[in-house]
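The values are calculated or read from the model by the stated rules, or taken from the named source; none is laboratory data. What you see is a predicted model, and the numbers here were worked out from it, not measured in a lab. Methodologically, a virtual Cβ is constructed for each residue, glycine included, from the backbone with ideal geometry; neighbour enumeration extends over all protein chains shown.
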Amino acid sequence: MGGVVILGSAYPLRGGGLATFNERLARAFIDLGHRVSIYTFSLQYPGLLFPGKTQYSDGPPPEGLDIKVKVNSINPLNWLRVGRELRDTKPDLLVIRYWLPFMAPSLGRIASIVKKNRHTRVVAITDNIVPHEKRPGDKCLTRYFLNKVHGFVCMSDSVVQDLLAFKVDKRRIRLCPHPLYDNFGEAVDREEARRFLNISGAGKLVLFFGFIRDYKGLDLLLKAFAFDGIKKLPVRLVVAGEFYTKPAPYHRLAQSLGIDERIIWRTDFIPDDQVRYYFSASDLVVQPYKRATQSGVTQVAYHFEKPMLVTNVGGLPEMVPHGKAGYVVPPRPEAIAAAMADFFVNEREKTMAGTLNKEKKRFSWDRLVNSLLDVAEKTIEHGNS
């Protein structure tokens, strides 16, 4: 039958990083003339393991995509059924999105069954090999999955190095930067965006965007806002994203630092059709991560041509040229505060605008598609079965 199958999160699971990425990747394959299906989860996480409020979207399905709700992450009989179905369907390429060792048994078992047809090439897009939040057994689970896949595409060099540490042949790996998230619409006027979000008053806005987990360093950013160099500036912080950790410690920290009145908390899930308003309303996007591989937030900021401040962890410095598209600083409150002060006091936004427009052209979806196809083809040449 041929074609391409993407195995990973998609509608009716909520948008956000994984589902949004996989649906956009499907469209990129379609635009290049490929027939594409997405196999998504009927159950992605058991309720006890899911940190948010709901896993499911309340919006309409994306138009023009063939999404099959098939995979149960905890049911071995389901893995057998899905694996056999894909084995018999014989897609030319099966793209598996791997981001968490918890998914290794289901995704690895399906891949091992599909490979038995000796036709389908199985390539994994590996967000993380070593998870941000480590648990016992992670390495064993990841090693199991890696042994079931023909090739790999990584979106940061730090993930490439993690793969090599697992003794993966470098000929089976391609490095391709995370493409732009260009599916959230066009930017709108700053004041229009602030009216839409009901953010009143003048002044500058710093944006912290995305699911809030402890490794993302929101506490570092809150502490940075308490430094004198930031306190005297007319700058507020917008925290936009659902808490995937306990919110109380962050609220207590903001209150103890005396900065709570300068923070706009928008901590419900941010639907896709509102993303452009948050980025359009803001002046600087800050990712104060303590650990990272790559981040989709960077690619949303590039799309809307918003300068960024990132920490020098994982693959983030690869994405943001320091002093041109933004800042790369150590994950320390004083360093974050100094960079924010420099940005606003010296009006760096004007000089960074041109660089952002140029840099964003590096991050195309065609490049990712070609990387997936290339590594699939090369693993045939190298005899990897």
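Some points to look at:
- Pair list, Cβ under 8 Å, 6 or more apart: segment 75-93 residue within 27 Å of ASP374 (Cα to Cα) and touching a residue at least 60 places away in the same chain (Cβ under 8 Å), other residue charged (D, E, K, R) and outside any loop (DSSP other than H, G, I, E, B): ASP92/ARG121; LEU93/ARG121
- When the residues of segment 98-124 are filtered to those that are in a helix (DSSP H, G or I) and of a type in the set (A, V, I, L, M), the one that is modelled with the lowest pLDDT is MET103.
- Residues of segment 302-349 that turn out to be in contact with a helix residue (DSSP H, G or I) (Cβ under 6 Å, 6 or more places away or on another chain), outside any loop (DSSP other than H, G, I, E, B), small (Gly, Ala, Ser) and closer than 30 Å to ASN183 by Cβ, as a count: 0
- Residue in segment 368-385 that is acidic (Asp, Glu), more than 30 Å from GLY229 (Cα to Cα) and modelled with pLDDT of 95 or more present: yes
- None of THR351, THR379 is closer than 25 Å to SER156 by Cα and of a type in the set (S, T, N, Q) except THR379.
- Only one entry in GLU192, GLU133 is assigned to a helix (DSSP H, G or I) and surrounded by fewer than 20 Cβ atoms within 10 Å (Cβ to Cβ), namely GLU192.
- Set side by side, the residues THR298, THR351 differ, and just one is without any contact (Cβ under 8 Å) to a residue 60 or more places away in the chain and closer than 20 Å to ALA187 by Cα, which is THR351.
- Restricting segment 138-170 to residues that are in a loop (DSSP other than H, G, I, E, B) and in contact (Cβ under 8 Å) with a residue 40 or more places away in the chain leaves a set whose member that is surrounded by the most Cβ atoms within 10 Å (Cβ to Cβ) is MET155.
- Identity of the residue in segment 272-301, assigned to a loop (DSSP other than H, G, I, E, B) and among the polar types (S, T, N, Q), that ends up surrounded by the fewest Cβ atoms within 10 Å (Cβ to Cβ): GLN294
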